[in-house]
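First the structure, in the form of structure tokens, and then the observations on it.
The values are calculated or read from the model by the stated rules, or taken from the named source; none is laboratory data. No experiment lies behind these values; they were computed from the predicted model shown. With ideal geometry, Cβ positions are generated from the backbone for all residues, glycine too; neighbour counts draw on all protein chains shown. Calculation scope for accessible area: heavy atoms of the full protein, side chains included, ligands and nucleic acids excluded. Shrake-Rupley method; radii C 1.70, N 1.55, O 1.52, S 1.80 Å.
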Amino acid sequence: MKTFIKQHYIWTSIIILVVLGLGAWIFFGSGQKSSYELTKVVKGDISQIVSVTGKVRPADSVELAFEKSGKIAYIGADIGDKVSAGQRLASLNNSDVLAQLAQAQASLDKEEVKLAELKAGTRAEELQIAQTTVANAERTLADVQSKAEVDLNNYYDDVENILNDAYVKADDAVNKQTDELFTNDSSDSPNLTFYTGSQAETNAESKRRQAGVELAAFKTEIDNLSTSQSSLDLALTKGEGHLNIILDFLNSASTAVNEAIGLSATNQTNYKYYVNAGRTNVSAALTSISTQKQYISAQKATNQSNISGAQNTLAAAQDQLALKRAGSTAEEVSAQEAQVKYAQANVQNYQAALSKTIISSPLDGIVTKRDIELGEIVAANTTVYSILSAAKFEIEANVSENEIAKVELGDSVSITLDALGSDEKFVGKIVKIDPAETIVSGVIYYKVTSVFDMEDSRIKSGMTANLDIQTEQKIGVLTLPYYLVKEKDGKKYVQIMENGGIKEQPVQTGLEGETMVEIISGLSEGQEVITNGQ
């Protein structure tokens, strides 16, 4: 009975452990599988909005000034003239800015064409041109290699003649020009035919013996000369060595002649002449060999340079053909899109610079003041025009110091009035930005004035107005909800899925709207970003 109870207890424990293990696997294995919500990167429009509240008040004159100093080049309205919103009133000399803008626009056009080409892929005509370029580069390389071989062989073809000529001159110098200076000159113990009483005699005799050895070796090498370039290079070097030893002998013989004792003046003069003649011929032979070695070395360097250049040209042509065949990658398209955006920003910068040289009427009205003349130099922010608005009302509002830098004259404004409800929308534009600050409850603000584009009898002075000032807008850019972009150590990133794991992908952002942010780089259209997960 005890045995049965014990076995029952064991089996019960096993069953419990199996059930617990299965439950743990279900909870931790399947229950912990991560699931993430993903958001795609899409192209869209982004508007940067500054929202403020102001008061409607009777319209007043608008004072206008240039944002930079310069010389007046154009005046388009006088006191009493009726003007329309957007009408140019005056401009400064801006030929330099116009030129820069034209150059920037040309660069933008070039980058846009390149982007269009990348997206369109390689045309058949371009592929044919690339193939022709490769074929031409191959022919050029073959021609360069063939010419290099011929040019180098021409120099090597002269080596045998140069060595033979050098041997003849050396043989003449040793066996003929110095023959009268020695007895037994072809033996192992040559002797001078005169006495010097100095070391010069011993030197001349020992070096005459060595000159004979070098001359014999030189002759053997020439007789066994091979036509291979390496053998010819070695023969030139050895021949140069033989000639240097023979020239050293001739120098010693000259010294011995100069130090001769009891030698007649006539013989001494003749001996000097013979030795000098030998030295001149051997030196000339040495120069010929040295010059030929330099020619060969220079030709090899030229050949290597020419062949390397032709090979590089062929490699570049082959790479270009491979690129044409492969077409554009997504990365190349993205990189070129970034180049286009950069060029667009450059154009916008010069457009902004140009706008600072032009005064346009911000509203329909009448000119009440004009304080400029053609050719006059005016300072920045000096009032030159006053326009009395044709509209009855304008709106004054305070913009915080954190956002005033975003607001510019001429910015479009969407307006609602509390008295008429949020469904009634009006349109206007910023016509004035007060340069002096206004302090409200210890906070710095700047007063801006906007006008309505159209009159409406329902608008009354004193009404509360809600303004959405559109300070900047970008069309057709990559966008993401701004809350998906995180920041760490001063660098922005988003989270994406890669190889089954989460990766922090660095990004560069641009314009920020109310809910969306522009993605300048780091992501491509359609790529998915982790929204949340567990």
Inset, instruction - Assess whether VAL448 counts as being open to solvent by less than 50 Å² (accessible area, probe 1.4 Å), under 21 Å from LEU38 (Cβ atoms) and of a type in the set (A, V, I, L, M). - result: no
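Looking at the range 437-460 only, could you name the residues that are among the polar types (S, T, N, Q), under 19 Å from GLY365 (Cα atoms) and either touching a residue at least 40 places away in the same chain (Cβ under 8 Å) or not in a loop (DSSP other than H, G, I, E, B) (or both)?
If we filter the range 437-460 for residues that are among the polar types (S, T, N, Q), which is where we start, we get 438, 441, 449-450, 457.
Right, trim to under 19 Å from GLY365 (Cα atoms) and you get 449-450, 457.
THR449, SER450, listed by residue number.
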Inset, instruction - Provide a single number: the residues in the range 377-395 that are at pLDDT 85 or above and buried (at least 18 other Cβ atoms within 10 Å of the Cβ). - result: 6
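Restricting the search to the range 235-260, which residues are assigned to a helix (DSSP H, G or I) and among the charged types (D, E, K, R)?
Start the filter on the range 235-260 by keeping residues that are assigned to a helix (DSSP H, G or I), which leaves 235-258.
Matches in the range 235-260: LYS238, GLU240, ASP248.
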Inset, instruction - Output yes when any residue across the range 415-429 is at pLDDT below 85, under 52 Å from the mean Cα position of the chain (by Cα) and either surrounded by fewer than 17 Cβ atoms within 10 Å (Cβ to Cβ) or farther than 27 Å from ASP81 by Cα (or both), and no when none is. - result: no
Legend entry - Qualifying positions in the range 256-293 - farther than 15 Å from VAL168 by Cβ, among the aliphatic types (A, V, I, L, M) and open to solvent by less than 50 Å² (accessible area, probe 1.4 Å): ALA256, VAL257, ALA260, LEU263, VAL275
